[in-house]
Amino acid sequence: MKDLPVSQISTFTLMRFNGLSNTFWIFGQMGKAQKKLEEVPGLLFFKLLGSGGGNGFSKSLNVNVYALHCVWESEQNATDFFELSDTFSEFKIKSAEIFYIFLKAVKAHGLWDGTNPYELQNLSPNGPVVVITRARIKLKFLLKFWRHVPSLGRKVSQAEGSIFSIGIGEYPWFMQATFSIWDSYEAMRAYAYGSPLHMEVIKNTRELGWYSEELFANFIPYKTVGKWNELDFHLDQKV
């Protein structure tokens, strides 16, 4: 008997909010949206995330840019949410800019809040790849961690094959995540294992145990909706 195809997909949404009232509104949603999102049909896992200054790799906060990462039972559940949900309609109405990308997970290890939410698909990356990393930093290592991160963020954006990257997080400073798009799996690996600064962070992570929890996941992106000024990247294909 053949294995049934995996229907689970993930999405990552970037949102920019301008104006004082909209900024206060989205900041309030970091707590208020939780209950609404828990009731969305087919939504298996979600995180509403803030961002840092610049490209997000900063101790300062960017009060205008937020992200919503979701894992869905199926693409239809995601489409219904983005097109029909009153909850997401509020985000669309109040945001000045919105962009979302559909993803299929191909590799994931580690935990996010005690779980690995991704069901992996047997697909070979032969085009762009997306990487999401997430870590809960031990308080005693916060200063050491933040000495490296701003420089690391600049290196990611300058790396060959890097299309886009942003630093995001559930809570400032000690629950951090990154989202990045690369033009190929080979380019991502070349940076991950060829950058001296990145290798130093990996070494410190392993030897010193900076994190109390971490997760690393690779995805194949296959569809995008909307636009983001810093990102010239559009897809609409079958995977």
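The values are calculated or read from the model by the stated rules, or taken from the named source; none is laboratory data. Fair warning: this is a prediction, and the values are worked out from it, not measured in the lab. Glycine gets a Cβ as well: all are built from the backbone with ideal geometry, and neighbour counts include every protein chain shown.
A few comments on the model shown:
- Any chance D3 is more than 16 Å from the chain's Cα centre (by Cα) and modelled with pLDDT of 95 or more: no
- N77 being out of contact with any Lys or Arg (no Cβ under 7 Å at 6 or more places or on another chain) and buried (at least 18 other Cβ atoms within 10 Å of the Cβ): yes
- Residue in the stretch 184-204 that is at pLDDT 90 or above, assigned to a strand (DSSP E or B) and among the small types (G, A, S) present: no
- Meets criteria (at pLDDT 90 or above and surrounded by 14 or more Cβ atoms within 10 Å (Cβ to Cβ)) for F174: no
- Residue match in the stretch 97-112 (condition: part of a loop (DSSP other than H, G, I, E, B), farther than 26 Å from N18 by Cα, touching an Asp or Glu at 6+ places or on another chain (Cβ under 9 Å) and not charged (D, E, K, R)): yes
- Looking only at the stretch 84-119, residues that are over 19 Å from Y66 (Cβ atoms) and over 17 Å from the mean Cα position of the chain (by Cα) come to 2 in all.
- Which numbered condition F99 misses (of (1) within 23 Å of K227 (Cβ to Cβ); (2) touching a helix residue (DSSP H, G or I) at 6+ places or on another chain (Cβ under 9 Å)): (2)
- Scope the stretch 30-47; condition under 18 Å from the mean Cα position of the chain (by Cα) and at pLDDT 95 or above; matching residues: L37, L43, L44, F45, F46, K47
Residue-wise test of (1) at pLDDT 75 or above; (2) touching a strand residue (DSSP E or B) at 6+ places or on another chain (Cβ under 7 Å); (3) aliphatic (A, V, I, L, M).
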{"residue": "V130", "(1), (2), (3)": "yes, yes, yes"}
{"residue": "L139", "(1), (2), (3)": "no, no, yes"}
{"residue": "W146", "(1), (2), (3)": "no, no, no"}
{"residue": "S151", "(1), (2), (3)": "no, no, no"}
{"residue": "Q158", "(1), (2), (3)": "no, no, no"}
{"residue": "I163", "(1), (2), (3)": "yes, yes, yes"}
{"residue": "G167", "(1), (2), (3)": "yes, yes, no"}
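- Considering the stretch 224-239, and only residues there that are within 18 Å of S180 (Cβ to Cβ) and in a strand (DSSP E or B), the residue that is modelled with the lowest pLDDT turns out to be L231.
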